[in-house]
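Below you'll find the structure, written out as structure tokens, and then a few comments.
The values are calculated or read from the model by the stated rules, or taken from the named source; none is laboratory data. Just so it is clear, the structure is predicted and the values come from calculations on it, not from any experiment. As a convention, Cβ positions derive from the backbone with ideal geometry for all residues, glycine included, and neighbour counts pool all protein chains shown.
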Ligand code: CA
């Protein structure tokens, strides 16, 4: 059994902190949040997470200072850090990267964008934790090359269909509501009609199956969609 990666969020804007925690948990990560720099240092001394989402401007100790101290400690030298900076602090990004942050995003950022950075950093840091290639039956999805193949042929999907498939394939059998898929694929704040999900799932299906090939997706009436966990197994 692989354990899900632990992520510590250090952010003093409560709404943003909650939004990040909600989305990271939805992706299966274990999440802990603190609002102050000094609290973060205490947590980090007790337990080292797999990744740190670190705000730049914090009460207590600044994100920059935390990052500098982390890099000086053996146990946290290589801990992946994503810095959150406000617009205007952007010129500071060079300093952040010089001090050892692995990546940074400028507020306001899109949640899917941050999720993508989290995944990519975790993959780099712990390649065994997150598989690059998801596969089921004759279908495979390569996150790195963004290629989807079925029965030896390439399947060309739009970026939204790709993300939808990736998201559902990560948890075969789990039923996602349209709202959950909207949050995960389009972003929490996306003001998009839930029917949009149906349109893209329809396109995804068309791309995945030819002729009499089995449909890897399941529509669950009144609930949403799932990647069929029995796909390729019968
Ligand atoms: Ca702040």
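Collect the residues in the range 1-26 that are within 13 Å of the ligand (Cβ to nearest atom) and either within 16 Å of residue 111 (Cα to Cα) or in contact with a helix residue (DSSP H, G or I) (Cβ under 6 Å, 6 or more places away or on another chain) (or both), keeping them in residue-number order. I'd like the intermediate steps shown before the answer.
Within the range 1-26, the subset within 13 Å of the ligand (Cβ to nearest atom) is 9-17, 20.
Those that are within 13 Å of the ligand (Cβ to nearest atom) and either within 16 Å of residue 111 (Cα to Cα) or in contact with a helix residue (DSSP H, G or I) (Cβ under 6 Å, 6 or more places away or on another chain) (or both): 9, 10, 11, 13, 14, 15, 16, 17, 20.
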Any residue that is free of Cβ contacts under 8 Å to residues at least 40 places away in the same chain, surrounded by fewer than 19 Cβ atoms within 10 Å (Cβ to Cβ) and in contact with a strand residue (DSSP E or B) (Cβ under 8 Å, 6 or more places away or on another chain) - is there at least one of those in the range 194-208? yes
Restricting to the range 1-15, count the residues that are at pLDDT below 95 and buried (at least 19 other Cβ atoms within 10 Å of the Cβ). 1
Residues of the range 39-65 satisfying the condition of being part of a loop (DSSP other than H, G, I, E, B), more than 13 Å from the ligand (Cβ to nearest atom) and buried (at least 22 other Cβ atoms within 10 Å of the Cβ): none
Being under 26 Å from residue 183 (Cβ atoms) and either outside the structural domain of residue 172 (by TED's automatic domain parsing) or free of Cβ contacts under 8 Å to residues at least 40 places away in the same chain (or both) narrows it down to one residue among 15, 40; which is it? 15
Of all residues in the range 27-38 being crowded, with 16+ Cβ neighbours inside 10 Å and closer than 14 Å to residue 115 by Cα, which is farthest from the ligand (Cβ to nearest atom)? 27
Yes or no: the range 114-133 includes at least one residue that is over 15 Å from the mean Cα position of the chain (by Cα) and at pLDDT 80 or above. yes
Tell me, please, whether a residue that is at pLDDT 90 or above, within 18 Å of the chain's Cα centre (by Cα), surrounded by 15 or more Cβ atoms within 10 Å (Cβ to Cβ) and not in a loop (DSSP other than H, G, I, E, B) can be found in the range 169-177. yes
